[in-house]
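The values are calculated or read from the model by the stated rules, or taken from the named source; none is laboratory data. Keep in mind it's a predicted model, so treat the numbers as computed, not measured. Cβ sites come from the backbone with ideal geometry, for glycine too, and all protein chains shown count toward neighbours. Ligands, DNA and RNA are stripped out before the accessible areas are found, and what is left, the full protein with its side chains, is counted by its heavy atoms. Shrake-Rupley method; radii C 1.70, N 1.55, O 1.52, S 1.80 Å.
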Amino acid sequence: MSTTPVRPSVRGTDYSQELYRKGWYHSFEFPDGTRIDGVVPLNTERERWGRFPLPADLTGKRLLDTGAWDGWFSFEAERRGAEVTAIDCVEVPHFLEVHRKLQSRVDYKVLDFYELTGAGLGTYDYVLFLGILYHLKHPLLALEMVCSLTTDTAIVESFVTDGDRWREHTGDVPTMEFYETDELGNQLDNWIGPSVSCLLAMCRAAGFARVELLHASGSQGGAVCYRKWEPMTDPWQETPELLAVANTRTMGNNFLTRKEEYISCWFRTAEAQVTREQLCLEVGGFGVPALYIRHEPDGSWLGNFRLPPGLRSGWQDVRLRFAGSDFGQTLRVAVDMQLRPANITLVGACDGNNFKVQEITVGDRGWVSCWVQGLPENCDRDNVRVMLDSTRLTVEFVGEQDPDGNRQVNAEIPGSVSKGDHWLRVECAGVSSESLPLKIA
């Protein structure tokens with residue numbers, strides 16, 4: 001049954017008439033003393049910049065200004081020494097006018113926001129994401145993109161629904177309004193209105209290690225989003241022992257950045273109680289907060305984390321610390337790495353329980369241990385296949401390569417397998433070993 005939509009009340013302030021009258025959104029003061037009076041007063045722009053926890057001297061740093069408009073923040077960052085890239089979805093003549101007047105070297109590009117990660121711009125120490133979020137239909141995706149482009153700190157400012165009342169909602173589930181047409185500010189490209197707690201929660205969910213409220217008042221809120229944990233200068237907790245890391249879905253050590261991937265980490269500690277807020281994981285130099293923690297029956301602990309955005313292809317170091325400790329030992333995961341097996345050779349196989357060569361005793365189930373050469377460095381239990389005739393066995397373990405170039409691969413043989421003679425082989429990335437005779441007893 002179709003219904004006639006009821007127009008909701010309009011939120012926010014409509015600046016279109018003031019912008020039409022003044023012609024400029026940003027205000028400027030030039031070295032020759034001339035000024036431009038835009039919708040946003042110069043003192044307000046300077047106060048906003050003063051809130052940002054950025055170094056006064058940005059020499060040697062790269063900064064991205066998204067949705068630069070007339071460009072005040074771009075040119076201010078350049079004035080402070082940064083190498084600046086400014087983007088907007090349309091070419092703004094006023095930006096070009098100021099660019100010429102200042103003889104600026106800001107790299108100005110016309111890009112839709114969602115084109116950013118595929119534009120080959122690289123990464124930036126600092127990203128300004130000011131007043132853009134509520135213009136985008138896919139806000140969490142946009143924040144993940146901002147996170148992937150940031151190596152140090154991002155500043156996120158947005159329209160919020162409860163800037164003056166956010167303290168009343170600190171214990172509530174975060175909320176976000178959706179605007180189908182022009183309900184916010186009488187503009188068709190305003191899509192969402194998060195509460196302050198929702199803005200902070202989305203920044204955390206996007207992959208930033210730390211998110212702090214910068215300001216909230218009226219209809220505006222801001223957050224500072226860090227990619228790294230605070231440096232530990234005076235540790236007061238014992239360092240946890242990181243035992244193993246794995247892809248939560250595959251239980252392997254390979255991860256793809258194009259997928260929604262999660263990391264499971266097992267660790268030991270003398271601490272009697274551990275909360276997820278205490279865990280500080282670092283992957284490829286980027287911090288990532290814990291989503292879940294569980295005490296295991298063997299006394300170890302399991303923590304689950306999102307794979308942080310912006311990782312490069314290759315082996316990435318994984319380290320864990322508590323909020324009050326140093327980092328412990330380093331393990332590795334493979335990110336966006338291709339599998340390149342050589343000629344795979346099944347050197348031998350034995351019973352995983354009694355070590356009898358090429359004869360496996362199977363009751364309810366049995367175990368076969370294989371020694372294999374030629375597997376790629378980033379092989380794991382998800383991409384290595386052990387085949388008994390045409391049956392794929394469940395791989396439970398893939399060991400590190402020994403000095404002779406062998407890897408141990410353990411697989412489970414179900415009790416339903418018929419007794420007698422069979423053929424065993426190992427495959428990886430479309431490459432297969434020769435088959436080895438195997439007797440099931």
Original post:
Which distance in nm do the two modelled labels at residue 401 and residue 182 give, with both placed 7 Å along the Cα-to-Cβ direction?
Top reply: 6.5 nm
**OP:** With a 10 Å radius around each residue's Cβ, average the other Cβ atoms per peptide and rank 144-154, 281-291, 117-127, highest first.
**Re:** 144-154, 281-291, 117-127
Subject >> Computed label-point distance, nm, for sites residue 412 and residue 296 using a 7 Å Cα→Cβ extension >> reply: 1.6 nm
Original post:
Using θ = phi - 60° and the Karplus form 6.51 cos²θ - 1.76 cosθ + 1.60, what ³J(HN,Hα) does each residue of the stretch 390-405 get, whole Hz, x for Gly and Pro?
Top reply: 9, 9, 7, 7, 7, 7, 9, 7, 10, x, 6, 6, 8, x, 8, x
Original post:
Tell me, what is the FRET efficiency for residue 258 and residue 35 to the nearest 0.05, using R0 = 56 angstrom and their Cβ-Cβ distance as r?
Top reply: 0.70
Subject >> Helix-only mean residue ellipticity at 222 nm for the chain, each DSSP H run of n ≥ 4 adding -39500 (n - 2.57), per residue, nearest 500 >> reply: -3500 deg cm²/dmol
**OP:** Compare the Cα positions of 185, 299, 322 along the charge dipole of the chain (+1 at Cβ of Lys, Arg; -1 at Cβ of Asp, Glu; about the Cα centre) and return the one farthest towards the positive end.
**Re:** 299
Original post:
Under 26 Å from the Cα of residue 109, which lysines turn up, not counting those fewer than eight places away in the same chain?
Top reply: 22, 61, 101, 137
Original post:
Of 71, 60, 30, which is farthest along the charge dipole of the chain in the positive direction, counting Lys and Arg as +1 and Asp and Glu as -1 at C-beta?
Top reply: 60
Original post:
Quick one: accessible area per residue over the chain, 1.4 Å probe, rounded to a whole number of Å²?
Top reply: 50 Å²
Original post:
On full extension of the chain, what length is gained from residue 19 through residue 138, given 0.36 nm per residue of separation minus the C-alpha to C-alpha distance?
Top reply: 40.2 nm
**OP:** Rounded to the nearest Å, what's the spacing between the alpha carbon centres of the stretch 130-198 and the stretch 26-51? Just the number, please.
**Re:** 25 Å
Original post:
For the pair residue 434 and residue 79, how long in nm is the line joining their label points, each one 7 Å along Cα→Cβ?
Top reply: 7.6 nm
Subject >> Highest-first arrangement of 333-341, 269-277, where packing means the average Cβ count within 10 Å >> reply: 333-341, 269-277
**OP:** Tell me which residues come under 5 Å, amide H to amide H, from residue 86 once H is placed; ignore anything under 5 positions away on its chain.
**Re:** 65, 107, 108, 109
Subject >> Under 5 Å, built H, 5+ apart or other chain: amide partners of residue 54 >> reply: none
**OP:** Can you give me the three principal axis dimensions of the stretch 257-412 from its C-alpha atoms, in Å, biggest first?
**Re:** 51, 35, 30
Subject >> Computed lengthening from residue 114 to residue 215, 0.36 nm per intervening residue step minus Cα-Cα distance >> reply: 33.7 nm
Original post:
Which percent of the accessible heavy-atom area of the stretch 115-163 goes to carbon and sulfur, probe 1.4 angstrom?
Top reply: 50 percent
